[in-house]
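The values are calculated or read from the model by the stated rules, or taken from the named source; none is laboratory data. Owing to the predicted nature of the structure, the values given are computational and were not obtained by experimental measurement. Ideal geometry is used to build each Cβ from the backbone, glycine not excepted, and the neighbour counts take in all protein chains shown.
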Amino acid sequence: MTPVNPLKNIKKFPDNFVWGVATSAFQIEGAAAEDGKGPSIWDTFCRLPGVIADGSNGDDACQHYRMWEQDLDLIADLGVDAYRFSVSWPRVRPGGAGKWNQHGLDFYEKLVDGLLVRGIQPYLTLNHWDLPDELQQQGGWAHRDTVHRFVEYARGMAKRLGDRVASITTHNEPWVMAMLGHESGIFAPGIKDRGTAMQVSHHLLLSHGLAVQALRADGVSSKLGIVLNLSPMQPASAAQADIDKTRIEDGCLLRWYMDPLFKAAYPADVMEYLGKDAPAIAAGDMHAIAEPIDFLGVNYYTRGVVSAQGAWDSKSSGLELTDMGWEVYPEGLTELLVRMNRDYELPPLYITENGGAFKDRFEDGRVHDVRRTDYIARHIAAMVDAMNQGVRMEGYMVWSLMDNFEWASGYEKRFGIVHVDYHTQVRTLKDSALWYREFLRKHKAERKTPAKADQIAWANEPATVLTGA
Ligand code: FCB
């Protein structure tokens, strides 16, 4: 299988476009109780019987806390422009409030400086799900005080790193934290109550808006934004019941977050649907949430198909499935981006996560992960299709730099373009990483000298002359 040339159809490409790889703290760092780090809700959750598929936890993960220098070399070797990572809140401020942990702060300081020395832009995420457990004991995100603790945390980190990181994301995927953490309970903290989940979603959004306001007031120059997990929702059939349910599911996933961020209001139909489970909203909250942002991150993996009969079986579509059981559906990314651009006044967009879990075979020091390469190439091409339809994109980041702790799936699902042997902690570039590196090398060569583009051989396809925007 030869991957498509993802830039085959490009009309023009923005000069400031950033290519990257992404990770998150809990999934790679390990060192769960070292150097003064406090427990997060994920440390606690992993201890509950039966919640993690392989019974594992994040105690060691990829030992990135110890191996960070080597990992930064690996990132630099890929030739990416940016690295998206997250800060572990309980590592820098163990109880979520009170004393800061100097060792934790030093770690991220070294990491950021190490990226800059290697010419890689740091893209920092403040909250990739690992809330300090002590705050959960006081009610966690369901408790309005946590909003203010988060703003303090954001200000503290920006004070340390705001002069050096290109970008600060407040939250990664508020929908996942709210709904999987508090409605279905399959993620930390494992609560199962819709009303709580909706209150959590409101507090996450509010803390985002207040943090952006505070960082702006503090004069932080990094680009400020938020990352949402989004999918186009499609009805399983033309039946009215499926269409109606699709509207609500789209409302809960996309409009519930996009409307307050860009229109300062929750969608009325979802409010009505929620009834008594709708969140309590104080005066001024909606205005704060709609504080303008410099970018919006979109994490895209698959589409959603909605049936009024119950859960949709992804096997029935006949599409290729990843190891997560998710349909490979790149055209959904184009559809999603074009629709967002039509319905909202958007800041520049980034694909902050995109990638696939596949069953890899490590043989003779190689991983021939053709399906992952194909997945990534087709999704970049789908993003380009959206750009050709007028969507302003400024970056694309692969999920993930390396295999890591995949939340409730433990270590069984591998998303990395770099293979990790969890016994030896040896990292090996999979074929997808080699492909990404080569893709970036060619693309950058083309951008520098477009006149020579026809001399660059793309897998069986004529090269395209790129015109810088
Ligand atoms: C996203 C998460 C990320 C990773 C991918 C597969 O929802 O943000 O940490 O688990 O899914």
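Taking residue 145, is it among the acidic types (Asp, Glu) and either surrounded by fewer than 22 Cβ atoms within 10 Å (Cβ to Cβ) or within 16 Å of the ligand (Cβ to nearest atom) (or both)?
Working: among the acidic types (Asp, Glu): yes; either surrounded by fewer than 22 Cβ atoms within 10 Å (Cβ to Cβ) or within 16 Å of the ligand (Cβ to nearest atom) (or both): yes.
Against the criterion (among the acidic types (Asp, Glu) and either surrounded by fewer than 22 Cβ atoms within 10 Å (Cβ to Cβ) or within 16 Å of the ligand (Cβ to nearest atom) (or both)), residue 145 qualifies.
Restricting attention to the range 332-380, and to residues there that are basic (Lys, Arg) and within 16 Å of the ligand (Cβ to nearest atom), which single residue is surrounded by the fewest Cβ atoms within 10 Å (Cβ to Cβ)? So that I can check it myself, show each step before the final result.
As a first pass, look at the range 332-380 and keep what is basic (Lys, Arg): 339, 342, 359, 361, 366, 371-372, 378.
Going one step further and asking which of them are within 16 Å of the ligand (Cβ to nearest atom), we end up with 359, 371-372.
Numbers: 359: 11, 371: 18, 372: 29.
Applying the filter and picking the extreme gives 359.
Residues that are out of contact with any strand residue (DSSP E or B) (no Cβ under 6 Å at 6 or more places or on another chain), crowded, with 21+ Cβ neighbours inside 10 Å and in a helix (DSSP H, G or I): does the range 52-64 have at least one?
Scanning the range 52-64 turns up at least one residue that is out of contact with any strand residue (DSSP E or B) (no Cβ under 6 Å at 6 or more places or on another chain), crowded, with 21+ Cβ neighbours inside 10 Å and in a helix (DSSP H, G or I).
Find the residue count for the range 140-183, including only residues that are assigned to a helix (DSSP H, G or I), in contact (Cβ under 8 Å) with a residue 40 or more places away in the chain and of a type in the set (Asp, Glu).
Residues flagged as assigned to a helix (DSSP H, G or I), in contact (Cβ under 8 Å) with a residue 40 or more places away in the chain and of a type in the set (Asp, Glu) within the range 140-183 amount to 1.
Within the range 224-276, count every residue that is surrounded by fewer than 21 Cβ atoms within 10 Å (Cβ to Cβ), of a type in the set (Val, Ile, Thr) and under 22 Å from residue 394 (Cα atoms).
0
Considering only residues that are part of a loop (DSSP other than H, G, I, E, B), of a type in the set (A, V, I, L, M, F, W, C) and within 16 Å of the ligand (Cβ to nearest atom), which ones fall in the range 298-331?
Kept after step one, since they are part of a loop (DSSP other than H, G, I, E, B), are these residues of the range 298-331: 300-303, 307-313, 318-320, 322-326, 328-330.
From the residues that got through so far, the ones that are of a type in the set (A, V, I, L, M, F, W, C) too are 308, 311-312, 319, 324, 326, 328.
The answer is 324, 326, 328.
What number of residues within the range 71-96 are more than 24 Å from residue 421 (Cα to Cα), free of Cβ contacts under 8 Å to residues at least 60 places away in the same chain and in contact with a Phe, Trp or Tyr (Cβ under 9 Å, 6 or more places away or on another chain)?
Within the range 71-96, residues that are more than 24 Å from residue 421 (Cα to Cα), free of Cβ contacts under 8 Å to residues at least 60 places away in the same chain and in contact with a Phe, Trp or Tyr (Cβ under 9 Å, 6 or more places away or on another chain) number 2.
Among the listed residues 68, 42, identify the single one that is closer than 19 Å to residue 125 by Cα and buried (at least 23 other Cβ atoms within 10 Å of the Cβ).
Numbers: 68 fails: buried (at least 23 other Cβ atoms within 10 Å of the Cβ).
After applying the criteria, what remains is 42.
Looking at residue 123 and the list (1) in contact (Cβ under 8 Å) with a residue 24 or more places away in the chain; (2) in contact with a Gly (Cβ under 9 Å, 6 or more places away or on another chain); (3) more than 16 Å from the ligand (Cβ to nearest atom), which single condition is not satisfied?
Only one criterion in (1) in contact (Cβ under 8 Å) with a residue 24 or more places away in the chain; (2) in contact with a Gly (Cβ under 9 Å, 6 or more places away or on another chain); (3) more than 16 Å from the ligand (Cβ to nearest atom) is unmet by residue 123, namely (3).
So for the range 197-218 (the condition being more than 16 Å from the ligand (Cβ to nearest atom) and outside any helix (DSSP H, G or I)), does at least one residue qualify?
Within the range 197-218 (the criterion being more than 16 Å from the ligand (Cβ to nearest atom) and outside any helix (DSSP H, G or I)), the answer is yes, since at least one residue qualifies.
Going through the range 121-134 one residue at a time, which ones are crowded, with 23+ Cβ neighbours inside 10 Å and either assigned to a loop (DSSP other than H, G, I, E, B) or over 22 Å from the mean Cα position of the chain (by Cα) (or both)?
Selection gives 128, 129, 130, 131.
Please tell me if residue 72 is under 25 Å from residue 297 (Cα atoms) and either small (Gly, Ala, Ser) or out of contact with any Gly (no Cβ under 9 Å at 6 or more places or on another chain) (or both). Break it down into steps so the answer makes sense when it comes.
Working: under 25 Å from residue 297 (Cα atoms): yes; either small (Gly, Ala, Ser) or out of contact with any Gly (no Cβ under 9 Å at 6 or more places or on another chain) (or both): no.
So residue 72 fails the test.
Could you grab me the full set of residues in the range 302-331 that are among the aliphatic types (A, V, I, L, M) and crowded, with 17+ Cβ neighbours inside 10 Å?
Taking the range 302-331 as the starting set, the residues that turn out to be among the aliphatic types (A, V, I, L, M) are 305-306, 308, 311, 319, 321, 324, 328.
Selection gives 305, 306, 328.
Which of the residues that make up the range 396-441 are part of a strand (DSSP E or B) and within 16 Å of the ligand (Cβ to nearest atom)?
Step one: filter the range 396-441 for residues part of a strand (DSSP E or B), giving 396-399, 402, 418-420, 427-429.
Correct list: 396, 397, 398, 399, 402, 418, 420.
Of the conditions (1) part of a loop (DSSP other than H, G, I, E, B); (2) within 16 Å of the ligand (Cβ to nearest atom), residue 257 clears all except one; give me its number.
Going through the list (1) part of a loop (DSSP other than H, G, I, E, B); (2) within 16 Å of the ligand (Cβ to nearest atom), residue 257 breaks only (1).
Can you confirm whether residue 4 is at pLDDT below 95 and either within 16 Å of the ligand (Cβ to nearest atom) or in a loop (DSSP other than H, G, I, E, B) (or both)? Please lay out each step first, then the result.
On the way: at pLDDT below 95: yes; either within 16 Å of the ligand (Cβ to nearest atom) or in a loop (DSSP other than H, G, I, E, B) (or both): yes.
The answer is yes for residue 4.
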